Amino acid sequence: MTTLTKPPLSTLLDQLFADADATQSILMQQMEQLSPEARQAMVASSADYRQFYARAKDFHLAVSRETGVLLYLLARSSRARSIVEFGTSFGISTLHLAAALRDNGGGRLISSEFEPSKVVKARYNIEAAGLADLAEIREGDALETLARDLPESIDLVMLDGAKVLYPNILALLEPRLSAGALIVADNADWSPEYLARVRAPDGGYLSLPFSDDVELSIRTAATGRQAR
Ligand SMILES: C[S@@+](CC[C@H](N)C(=O)[O-])C[C@H]1O[C@@H](n2cnc3c(N)ncnc32)[C@H](O)[C@@H]1O
């Protein structure tokens, strides 16, 4: 048994995924009332993403169960000790990553969320899972909260906030990425600029679409502090 597959976390994740499934259809109905252009702008435009996430503040928008397990497997098999996440929501992906840190023998996870009510719920869930000693949720815009006080070296990054910001967040974290660091980007096909960055030949990454909705990349070259 792993931390992921035994109570209290397994029970909590069953509840959270059930809640995510039940509420997803309500969000879909709301989105369908918008024009395709308005939907696209909300997800892809830097002007409108705050409006979209404010509207979605009561919804998980969570990773799939499979992506959750993938996060655990990647963090566990790479023996990650230092993880940064963009987009906490109520904490489903965060819980998978923190469970891997627990089973790796410890570490530090920094996650970021700008909806205050989501931060409260995510912290509650992490506490309920007994993982609060491993995970810190930074409240505010990740462009600010992930621009400071980062670990010297980062082993794994999870990108799941506003898709239009993926290149900006990667640029913030890049100087700290260890050679071999893993980057998981959910729904990265909504961020063409990000895909161009990580798939560029000789751009310092090796990258592939891992499944329908996940781009998995590895940092091949160390930069900044890592290179010195
Ligand atoms: C797709 S959801 C994250 C789902 C989460 N990873 C999970 O598996 O449950 C994206 C979250 O990122 C947050 N977010 C979007 N842009 C952000 C930003 N610039 N800074 C901080 N949080 C942001 C949204 O409020 C939303 O809760």
For the range 146-181, the count of residues that are of a type in the set (Ser, Thr, Tyr) and either assigned to a loop (DSSP other than H, G, I, E, B) or over 19 Å from residue 191 (Cβ atoms) (or both) equals 2
Boolean, residue 143 is more than 7 Å from the ligand (Cβ to nearest atom) and either assigned to a loop (DSSP other than H, G, I, E, B) or of a type outside the set (Val, Ile, Thr) (or both): no
Of the conditions (1) at pLDDT 95 or above; (2) over 18 Å from residue 211 (Cβ atoms); (3) within 12 Å of the ligand (Cβ to nearest atom), residue 57 fails just one. Which one is it? (1)
Can you name the number of the only condition in (1) at pLDDT 95 or above; (2) out of contact with any Pro (no Cβ under 9 Å at 6 or more places or on another chain) that residue 212 fails? (1)
List pairs: first residue in the range 184-197 and surrounded by 18 or more Cβ atoms within 10 Å (Cβ to Cβ), second residue assigned to a helix (DSSP H, G or I) and aromatic (Phe, Trp, Tyr) anywhere in the structure, Cβ distance under 7 angstrom, at least six positions apart or on different chains. 185/166; 185/194; 188/166; 188/194; 191/166; 194/166
Go through the range 146-159 and give me each residue that's among the hydrophobic types (A, V, I, L, M, F, W, C) and more than 14 Å from the ligand (Cβ to nearest atom). 150, 154
So, in the range 94-111, of the ones that are surrounded by fewer than 24 Cβ atoms within 10 Å (Cβ to Cβ) and either of a type in the set (S, T, N, Q) or within 16 Å of the chain's Cα centre (by Cα) (or both), which residue ends up farthest from the ligand (Cβ to nearest atom)? 104
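The values are calculated or read from the model by the stated rules, or taken from the named source; none is laboratory data. What you are looking at is a predicted structure, and each value in this text was computed from that prediction instead of being measured. Cβ atoms come from the backbone with ideal geometry, glycine included; neighbour counts cover every protein chain shown.
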